[in-house]
Amino acid sequence: MEIETPEYALQNPLATRAPLKRSDSSHPSAAFYEESIERGRELLERPKRGGGLARVRVQHAKNRMTVFERLRVLSSHEPNLLWQNWGKGLDGASIVTGILSVSGRDVAVYGHDFTLRAGSMDATNGAKLARLIYMAAERGIPLIGMNDSAGAFVPAGVGGLDGYSEAFTALRRISGVVPCISLMFGYNAGGGAYLPRQGSFMIQCADTFIGLTGPGVVKSAMGEDVTADELGGPGVHGLNGVCDLTTTDEVGSLRTALRLLQYLPNNNRELAPFGPTSDPLDRFTLEEDILFRKTFDSPAGMSAPLDITLFLQQIVDHGEYFELQPARARNMITAFGRIGGHVVGFVANNSAVASGQIDVDAARKATRFIRFCNLYNVPMIFLEDVAGFTPGTEQETRGIILEGRRLLDAIIDLRVPSMTLIIRNAFGGAYAAYNSHFTGADAVFAMPMARIAVMDAGGGAQFVFKDEIRALDVEFQKALANGTAEVEAKRTRDAGLKQIRERYERELMNPNEALSLGSVSRIVMPGTSRRVLGEHLAFLMRTYRPEPMAGPQREFE
Amino acid sequence: MLDRELTPRRFDAAESAWQRSFTLAGLKVLVVCRGPVRLEAFQVFDEIGVREYGMLLSEKDSVVYPRCLAPELRGFRFPHNVHRVPDYMGAGQEEKQRRIAQIVAIAVEHRYTHVFAGYGFMAEDADFVAAIERAGVGFMGPSSQVIRRAGAKDEAKKQARALGNAVIPGVDDVSARALLAKARDRAALEKLAKKHALDFRWNASASAAENAEALLQLGYEKTVELVTLEELQRAAESACTEIWAQYPTHRIRFKYIGGGGGKGQRVVAKQDEVPAAIVDVCAESKVLAPGSNRNFLVELNIERTRHNEIQLIGNGAWCLSLGGRDCSVQMHEQKLIEVSLTRELVEQELERASGKLREVLRGDAAYLARMEAESEKFGAATGLDSVSTFECIVEGANHFFMEMNTRIQVEHGVTELVYRLRFQNPDDANDFFYVDQLIEAMALLAAHGPRVPRPERVQRFVSGLEVRINATNAALQPHAGGLIRSWSAPRPDEIRFDQGIGIRNPDTQSFVYYNLAGAYDSNVALVLTHGTSRRENYERMAEILRRMELRGDDLQTNLDVHYGLVQWFLGRGVMAEPNTRFMSSYLGAVGALAQVANDLDLELAYGELQKRAKQRDARAVLEAKETLLLRPLARLFANAHLLGGFLGRYDGELWKAANGQVAFVANPVRFLERLYHFLDLEARTDKPPAEQIWDHDLEILQSALDFYAEIESRTGAASHPELESLFSGKPSTALSGGDATLFAKCLAAHRGFQLGLELLLLIPRAGARSGFLDVRLEDDLSISFPERFADAKSAAELARALAPAPKADSDEIVTPMAGTFYAREAPHLPPLVEEGQHFAAGQPLFVIEVMKMFNKVLAPFSGTVVRCAMAGRDGSVVKKGERIFVIEPDERRGPESADEIAARRREATLALLA
């Protein structure tokens, strides 16, 4: 019989390395054992093949890694894969679950295998995912999810939806027990978007999509013509808060997750990783003084905007901090950093953006971060420089009262060590709400130029010096009646008003009253913030026992 | 220092008493510069065992930008020696004097024995150095006397002329000329002096010009303005008229006397460009303030020259030259690549050269020898007592002296790679030591100057090479900002001066994100390496750059530009002698390449191949090879600098191009393997899978390489034509030993492996189509460009394709927030932008006050202000989204629709696919 030779082939016919020899089953007694070994090997291999070479190529053609390749970026250690052949096809049901060793820490990890059924969900992998999630909580280890799923597996019918429900439930149940980082790869719609957002932090890279439905459905249902990137790319979700961090590619996302993990505790019973620092806690930081001089000696004076991250980088260990939601609502900065080796959650008003007022977005951003720190025993430091919540139609329409109140509630609920350093402005309701002594701060400090007052000079003077202002008006009317030119009379009156405002600023916009009432613990001189905050933090942490949150659940989130 | 066995030692631990007498252990050095040299100095001081050192932290190092605290602070050994200054240099004379006083006070108060200023602006400032000397502190660098004699460009020219060196035609006393224009004679000058209460005495034995010069000096000392900017402009105009009378086609260069690094320089082509250029020169040199010394050189701009310089070292009594450096590859007056040029190198190349090349190299050897001899004479005449650089321009085999930079230069590391210094005890032939770092030599001279014997230079490596990694876009325009998230560690043969950006967090060992906005200037790092020949040197640099991984957000550097260039030189010839215009022409050529590449639709091209494949197994093969082929091609075509580098490197080796036709020379499989290697995509375990060849692609490529290796060993056939003939004739017995089936299998494998590889020819075709492959190295080592690249204007136009400006739809700028509008930062200041004014992306346009906070609103793109809708309404309240300016954006979104673009690309692709 003649063997037909193809005209085109990709095998090397001159290869000296023979292909792997298959078992020789000519010996009947050896056959069963050999076959078992072979079958076993096949079973071990099957999930790693995913949807086969052709599907892997498609994945690669989109510049995306397979789930196993992504695992290799997270750790050079082989993952300890669990329930490898779960699923009707003994193929692992398009989801990979396991335990990974990351810098000596155990981390539970899952990843959709997009090459198999486009990573879609059915009852089996829903159950598989839920089992991993519960195991992470039981063992008290963080969870990393690598999402790359087209949604529910349609042929599985209701089973696919049930699979999602089971996974949703598991992830919600462990929320607050172990932290979870959700990495978004590929195209995630519907349940594929809802599921990962239940995690603590979500990281999205370029050329990916997250959304309820894709542009196709949007076009047919709404008539809206939009690209996937415009609808649900990182440019969208980095701004709306759906994603906490955005990156340029998959490798960037995986590495960012590893960096974020360095600030996260394993679970709600432990502290975040502590390591002694070589950056002296008592170093005098003259840069603080320089920064404030530079800012407040400018033409805008005490009204000059101050990029608070410039201050933050002076006080943290080796100047390093890790900002969350860095593209969104930067009037409020949320960041992890270390002081004296302790991981700290920082919430800071940033007057360099929109005057640092607290608007709906800023409140949401801070609320979420504060709740995370509170659940996971991360101490908090508030850097305060805020004139108030943003007023106006737009904000009221969006419900600033609800969102501002949520921020206040999250602060009141804090049970971890928390401190506030008032740098400049602390006015009115914002002062009261923003981790003040009576909302439960362990310590409130103020810089000498702090302006702690009920209102700013314009509004405040109206109330405090009501009589003086009325007297000026009487003078004004009198002068007019006496025939003084109106311009002249106005000038006299305005000069008087200016004096009153200045008097208000001088007498009332300072930390004195707050100090006298015990609302502020002490003055902190520029240059010594790191020392004062660091020493106080060390004291608070010495006397703090990390444990899960307890007590009644409050009504609002 | 290094002992006789070249083992590093400190002087105080040396073997002989003579060597120990040069101890540096008593030194306490204050480092007053930023940039890569700061950390380099710390490292040298650690090695040589100075007692202590300190640093000046400027505001840009600490409080101006987030995420760019001076990285040197991480693990800094002497935290108590960190001193603060607002900046290293003030705007204007008065502030500079204050700064000098401040630095001197720090040095005195903290008992520093020496001050080191690296290559900062202050290093060459005679006032600064003199103030340090007066305070009794040592200056680690040329003394103020040397700076005065040689550093100021006008003085240096005079000195050089007196020594008989060749200099460029020009005027070096434009300020004196301006003064004489209004005060012609003795009486007028004396009257002027009296008016300003200057103690001026007419010197009858000197010329009027010299007297004017003397009066000007008195004026500078008292910050009295004797010559206004307008008068200087007029004097410069008349000097230009004189030069143009003789050289009507040349351009003229203005250069501030104390400038360096391309700052304070302008080139003009027409008389009406003169006044503005002078304002620019003075502004950039920060001498606009009345009473400043604004003297600048007016000289013929020599258009096609090379830029060579000689490293000098001396102690006032002796002066030694340390070979040359060719710094001709530069752009916007900033050097990009510096390569060593020494007698030893030229001689080594001469040994294997013949014909025209031999002639050129002999000329090079001759002018190099002359330059070195003249430089030593000049250095000795100025009493050089540290290190300096003797800068020349070279045209053919002639050189002209330009200036002496009385400081260590950025590129000093190139010289350190080629020569070390051998110091000999005059009383004992067996007692000697080596120094191979110039900063160490500077310390030695500063501490023991007159006692240091004249060293001998000893060759280290034949060749040294430096590239400057700068924060620029692909068109080499400065690019502000960008955040570095990670940077691979230096390779074994790599020397990297990165300002400490790579110093990890000492506590967590993680890379600390670094915001490039805070860098000293656009220079981020220097990368150096060596070779036993210039070719090996370039090979090593190519490998370093190939493996360098620099990741971040919105990060743009010239790393790919360098990688492409180094590969290009490796292919075209590393002994090439580019002139200072080379880079702008090269950028034009790369821009033309980018235009062709942007029109290429690779997926469409691949679809076309699939359509052409008739057999089922052929289609299957193409499907299996899709990522293998398209992935590296897409990467290469997405980056015109990489594409240019690959074209330069492999033209003639992998393919040949002639008369618009291209054909494979090497086996296309080898071509593909080189492409993966070039792109740093070959299989390696230390990289993420997304950054190396996919495993299934590797399997095919490796099978193919094994197959052809076996064929070569059996038949000797390796090149493309050989393989074609092997498989087009009768079955080869050498290959299959008469086994017809085996031959048929081999034929099928050959067809399978080759199928689709014709796509690789898109690379040389794009090179031919754009004209890039016509950029050639000539016999005389010059580089010839087609006219549209050689012409500066059309080259600049082409280079725009490398960095297209962001396009805008909008004709207006609206306020992103509600508040009170102000056009200016403070009442006494002018508006931030005015009608008719051009603005750049990121430039502040206006101020919105919200709740007593003043927020600067930045331009989202670049354009020109047509009208200010809020003119004269400072202080009025605006709503979010309200129009502030009517503008004309620089680049509009083209009128071309998506379909039209697709059609154009389709046509271009099919044409290129042939």
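The C-alpha atoms of chain B define a longest principal axis, and helix B:602-612 lies at about 20 degrees to it. Taken over region B:768-910, the percentage of Cα pairs per 5 Å bin, counting from 0 up to the bin with the maximum distance, is 2, 8, 13, 15, 12, 9, 8, 8, 8, 6, 5, 3, 1, 0, 0. For the pair B:Arg98 and B:Asp739, a Förster radius of 60 Å applied to the C-beta separation gives a FRET efficiency near 0.10, rounded to the nearest 0.05.
At an R0 of 45 angstrom, the distance between the Cβ atoms of B:Arg892 and B:Glu691 translates into a FRET efficiency of 0.75.
Once you divide the Cα radius of gyration of chain B by 2.2 N^0.38 Å, the number left is 1.06.
A simple count of charges around B:Gly752, restricted to other residues whose Cβ falls under 11 Å of its Cβ and scoring Lys, Arg +1 and Asp, Glu -1, yields +1.
Computed from the alpha carbon positions, the gyration tensor of region A:97-200 leads to an equivalent ellipsoid with semi-axes of 22, 14, 11 Å, biggest first.
Here B:Lys96 is the anchor, and the aspartates and glutamates within straight C-alpha reach of less than 15 Å, apart from those fewer than 8 places off in the same chain, are B:Asp87, B:Glu124, B:Asp125, B:Asp127, B:Glu221, B:Glu284.
Assuming 0.36 nm per residue, please report the length gained on full extension of the stretch A:Glu230 to A:Asp467 beyond their Cα-Cα distance.
Taking A:Glu230 through A:Asp467 to full extension adds about 79.6 nm, to one decimal.
Ignoring lysines fewer than eight residues from B:Lys745 along the same chain, the ones with Cα atoms less than 17 angstrom from its Cα are B:Lys730. Projection of the Cα convex hull of region A:342-448, averaged over all directions and equal to a quarter of that hull's surface, yields 6.4 nm². Potential lengthening of the chain between B:Phe78 and B:His332 amounts to 87.6 nm, from the contour at 0.36 nm per residue minus the alpha-carbon distance.
For the cross-link pairs B:Lys687/B:Lys856; B:Lys157/B:Lys286; B:Lys28/B:Lys222; B:Lys158/B:Lys194; B:Lys60/B:Lys182; B:Lys60/B:Lys270, which exceed 32 Å when the distance is taken from alpha carbon to alpha carbon? Spell out each step's value before the answer.
Details: B:Lys687/B:Lys856 43 Å; B:Lys157/B:Lys286 23 Å; B:Lys28/B:Lys222 34 Å; B:Lys158/B:Lys194 29 Å; B:Lys60/B:Lys182 43 Å; B:Lys60/B:Lys270 38 Å.
Result: B:Lys687/B:Lys856; B:Lys28/B:Lys222; B:Lys60/B:Lys182; B:Lys60/B:Lys270 exceed 32 Å.
The simple spin-label model puts a point 7 Å past each Cα toward its Cβ; for B:Glu603 and B:Val108 those points are separated by 7.2 nm. Entry note, region A:404-557: relative contact order of 28 percent, from Cα contacts under 8 Å with a spacing of 6+ residues. Summarising the label geometry, the points placed 7 Å from Cα in the beta-carbon direction at B:Arg873 and B:Arg904 lie 3.9 nm from one another.
Against the main long axis of the alpha-carbon atoms of chain B, helix B:740-754 sits at an angle near 40°. Label-to-label distance, B:Arg201 versus B:Gln843, with points set 7 angstrom from Cα along the beta-carbon direction: 5.3 nm.
Using a Förster radius of 45 Å, what is the FRET efficiency between A:Ser76 and A:Asn240 based on their Cβ-Cβ separation? Nearest 0.05, please. Intermediate results must be reported in sequence, preceding the final value.
Details: r = 36 Å, r/R0 = 0.79.
Here the calculated transfer efficiency is 0.80.
For GluC sites (Glu not before Pro), the sites in region B:861-914 that DSSP calls loop and that have at most 12 other Cβ atoms within 10 Å are B:Glu896. Each Lys and Arg adds +1 at its Cβ and each Asp and Glu adds -1 at its Cβ; summed about the Cα centre, region B:197-280 shows a dipole of about 360 debye. Residue order for B:Thr715, B:Thr685, fewest other beta carbons within 10 angstrom first, comes to B:Thr685, B:Thr715. For the protein assembly as shown, the equivalent ellipsoid derived from the alpha-carbon gyration tensor has semi-axes of 54, 50, 32 Å in decreasing order.
Over the C-alpha trace of region B:408-486, radius of gyration and Dmax come out as 18.7, 58 angstrom. The C-alpha atoms of chain A define a longest principal axis, and helix A:400-412 lies at about 80 degrees to it. Rounded if a/c is under 1.5, else prolate if a/b beats b/c, else oblate: with a ≥ b ≥ c from the C-alpha gyration tensor eigenvalues square-rooted, which is region B:469-600? Cα axes put region B:469-600 in the oblate bin. Dimensions of region B:153-271 from C-alpha coordinates, computed as largest minus smallest value along each principal axis and given longest first, are 43, 33, 29 Å.
Per the Kirkwood formula applied to alpha carbons, region A:257-344 shows a radius of gyration over Rh ratio, Rg over Rh, of 1.05. Computed over the alpha carbons of region B:610-704, Rg followed by Dmax gives 14.6, 44 Å. Residues A:Asp442, B:Asp385 in ascending order of nearby Cβ atoms (within 10 Å, fewest first): A:Asp442, B:Asp385. With only the Cα atoms considered, region B:392-543 has a convex hull volume of 212 Å³ per residue. If the segment from B:Ala162 to B:Glu59 were pulled out straight at 0.36 nm per residue, it would be longer than the present Cα-Cα gap by 32.7 nm.
Among A:Met332, A:Met419, A:Met541, the ranking by other beta carbons within 10 Å of each residue's beta carbon, starting with the fewest, stands as A:Met541, A:Met419, A:Met332.
Taking region B:366-409 and a reference point 7 angstrom along Cα→Cβ of B:Glu778, the backbone N atoms nearer than 12 Å belong to B:396.
Each reported figure results from applying straightforward, stated rules to the coordinates on display, with no laboratory input. The model shown is predicted, which means the values in this text are computed figures rather than measured ones. Because the Cβ atoms are built from the backbone with ideal geometry, glycine has one as well, and the counts that use them run over all protein chains shown.
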